[in-house]
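In what follows, a structure is listed as structure tokens, so that the remarks can point back to it.
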């Protein structure tokens, strides 16, 4: 049987594959402090920057590594917050971030343009919000 917490971790990692800072910002929003402002500003900047024509592909280095690392970190923080083992959650989230990075790149190639990018934004924000609210 699949551990539902690992599924939540993987979903949070998948959101990192779409928008690397969004899950970290959602986790920070639940905690508060100065980190909330920093991560929210970074996530907002990423949401805007993703639409710019000169933005490199998420599949290039170091962008891909950053997305996987952000996903793993988000999974680890989620596990720590809930008193769960950190390593399995981090691994599940990092792997999901990698897969979602490739899936997102394929989506944007299939559906180029701002509407598809906004749909991806909405999915990343919605998933990250849903996973971190509990």
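When you look at residue 47, is it within 13 Å of residue 14 (Cα to Cα), surrounded by 14 or more Cβ atoms within 10 Å (Cβ to Cβ) and in contact with a helix residue (DSSP H, G or I) (Cβ under 7 Å, 6 or more places away or on another chain), yes or no? For residue 47, the condition - within 13 Å of residue 14 (Cα to Cα), surrounded by 14 or more Cβ atoms within 10 Å (Cβ to Cβ) and in contact with a helix residue (DSSP H, G or I) (Cβ under 7 Å, 6 or more places away or on another chain) - is not met. Residue count for region 4-27 under the criterion of being over 10 Å from the mean Cα position of the chain (by Cα) and either surrounded by fewer than 21 Cβ atoms within 10 Å (Cβ to Cβ) or more than 20 Å from residue 85 (Cα to Cα) (or both): the result is 4.
For region 41-61, the count of residues that are in contact (Cβ under 8 Å) with a residue 40 or more places away in the chain, more than 12 Å from the chain's Cα centre (by Cα) and part of a helix (DSSP H, G or I) is zero. Hey, any hits in region 71-87 for a residue that's more than 24 Å from residue 5 (Cβ to Cβ) and surrounded by fewer than 20 Cβ atoms within 10 Å (Cβ to Cβ)? No; the residues of region 71-87 include none that is more than 24 Å from residue 5 (Cβ to Cβ) and surrounded by fewer than 20 Cβ atoms within 10 Å (Cβ to Cβ). Would region 84-104 turn up any residue that is at pLDDT 95 or above and over 16 Å from residue 12 (Cβ atoms)? Within region 84-104, one or more residues are at pLDDT 95 or above and over 16 Å from residue 12 (Cβ atoms).
Among residues that are within 10 Å of residue 17 (Cα to Cα), within 15 Å of the chain's Cα centre (by Cα) and either modelled with pLDDT under 95 or not in a helix (DSSP H, G or I) (or both), residue 67 is not included.
Just for region 102-118: of the residues that are assigned to a helix (DSSP H, G or I) and surrounded by fewer than 13 Cβ atoms within 10 Å (Cβ to Cβ), which one is nearest to the chain's Cα centre (by Cα)? In this case the residue turns out to be 106.
The values are calculated or read from the model by the stated rules, or taken from the named source; none is laboratory data. It should be emphasised that the depicted structure is a prediction, and the values quoted were computed from it without experimental measurement. In this analysis, Cβ positions are derived from the backbone assuming ideal geometry, glycine residues included, and neighbour counts consider all displayed protein chains.
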